[in-house]
Every structure is written in structure tokens, then in C-alpha cells.
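The values are calculated or read from the model by the stated rules, or taken from the named source; none is laboratory data. Source: prediction; values computed, not measured. Positions of Cβ are generated from backbone atoms using ideal geometry, with glycine treated the same way; all protein chains shown enter the neighbour counts.
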């Protein structure tokens with residue numbers, strides 16, 4: 001199964017997705033993240049059909065056995081997507097200045113690749129911890 005990178009952004013309450021590492025581009029939107037994912041899958045399947053009709057057999061062969069979309073979002077985007085994620089508290093948890101985290105989140109300062117990976121791992125850890133909770 002081929003992996004396709006998808007850049008996600010949220011603007012005015014709408015999620016937008018576009019493919020990154022394939023020939024051409026497939027774009028989709030949705031009012032929720034799940035709706036956007038569903039619409040992207042449908043748009044990609046339509047794109048495959050058009051490629052087949054146009055005789056782009058190499059493209060069709062490459063992706064006809066299924067794809068895995070790998071969703072990527074910038075730090076500012078994750079704050080818009082999950083406003084309940086307190087970026088300052090995440091910074092404290094990761095021993096990163098809350099002020100610096102806010103600068104990263106607003107795009108005033110660009111985080112290094114190493115720092116972005118550290119923040120991403122912190123967010124994933126919170127997700128794992130939340131999955132282990134059962135409410136009474």
C-alpha cells in the first residue's frame with residue numbers, strides 16, 4: 001500500500017486537504033475532519049478513474065491496490081483543530097517556555113524540526129494517556 005502525504009488546514013470552520021507526494025494534486029474539504037477524510041478518499045478514487053480513462057496506466061498501477069493517507073498539519077493548524085489543547089500547558093509539560101509555545105502556535109517563531117518532533121511526541125503521548133481512561 002502506497003503512502004500519500006496530505007497537508008491539512010482549517011479555515012473558517014472548514015477543513016481542507018491536499019495531496020503532496022503524487023503526480024497531480026487531489027483536494028477535498030469538509031466541515032469535520034472525518035468528513036474531509038471521506039471526501040478526500042472519494043476525490044482520490046475519482047482521480048484514479050479519470051487517470052484510467054486518460055490512459056495514465058502507470059499512475060493507476062501505482063495506486064490501484066489502495067493507499068494510506070498520512071495527514072500532516074502545522075502547529076498553528078493543530079491549535080485551530082483542537083482548541084481544547086492548551087498549548088501553554090503542553091509547553092510546561094515538555095519543559096518548553098509557554099511563551100515560546102504560543103509563538104510557535106501563532107507562527108511568530110518557526111520551530112526547528114527537532115522541536116516540532118518533540119511537540120508532536122508530546123501530543124501523541126497525551127492521546128495515548130487519554131485512550132487509557134475509563135469514566136465512571
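Restrict the check to the range 43-52 and report whether at least one residue is in contact with a strand residue (DSSP E or B) (Cβ under 6 Å, 6 or more places away or on another chain) and surrounded by 15 or more Cβ atoms within 10 Å (Cβ to Cβ). Break it down stepwise before answering.
Going residue by residue through the range 43-52, those that are in contact with a strand residue (DSSP E or B) (Cβ under 6 Å, 6 or more places away or on another chain) are 43.
Next cut, surrounded by 15 or more Cβ atoms within 10 Å (Cβ to Cβ) only: 43.
Within the range 43-52, one or more residues are in contact with a strand residue (DSSP E or B) (Cβ under 6 Å, 6 or more places away or on another chain) and surrounded by 15 or more Cβ atoms within 10 Å (Cβ to Cβ).
Every listed requirement among (1) touching a helix residue (DSSP H, G or I) at 6+ places or on another chain (Cβ under 9 Å); (2) more than 20 Å from residue 8 (Cα to Cα); (3) in contact (Cβ under 8 Å) with a residue 24 or more places away in the chain; (4) not in a helix (DSSP H, G or I) is met by residue 22 save one, (2). Please specify each residue of the range 81-105 satisfying the condition of being surrounded by fewer than 16 Cβ atoms within 10 Å (Cβ to Cβ) and within 28 Å of residue 39 (Cα to Cα). Passing the criteria: 81, 82, 83, 84, 85. At least 1 residues being in contact (Cβ under 8 Å) with a residue 60 or more places away in the chain is the threshold, and among the helices (runs of 4 or more DSSP H) wholly inside the range 29-136 those reaching it are 57-63, 75-81. Could you please let me know if residue 6 is closer than 13 Å to residue 71 by Cα and either in contact with a strand residue (DSSP E or B) (Cβ under 7 Å, 6 or more places away or on another chain) or modelled with pLDDT under 95 (or both)? Yes; evaluated as a whole, the condition is true for this residue.
Each residue in the range 64-89 was checked for being more than 25 Å from residue 12 (Cα to Cα) and either under 20 Å from the mean Cα position of the chain (by Cα) or modelled with pLDDT of 90 or more (or both), and 4 pass.
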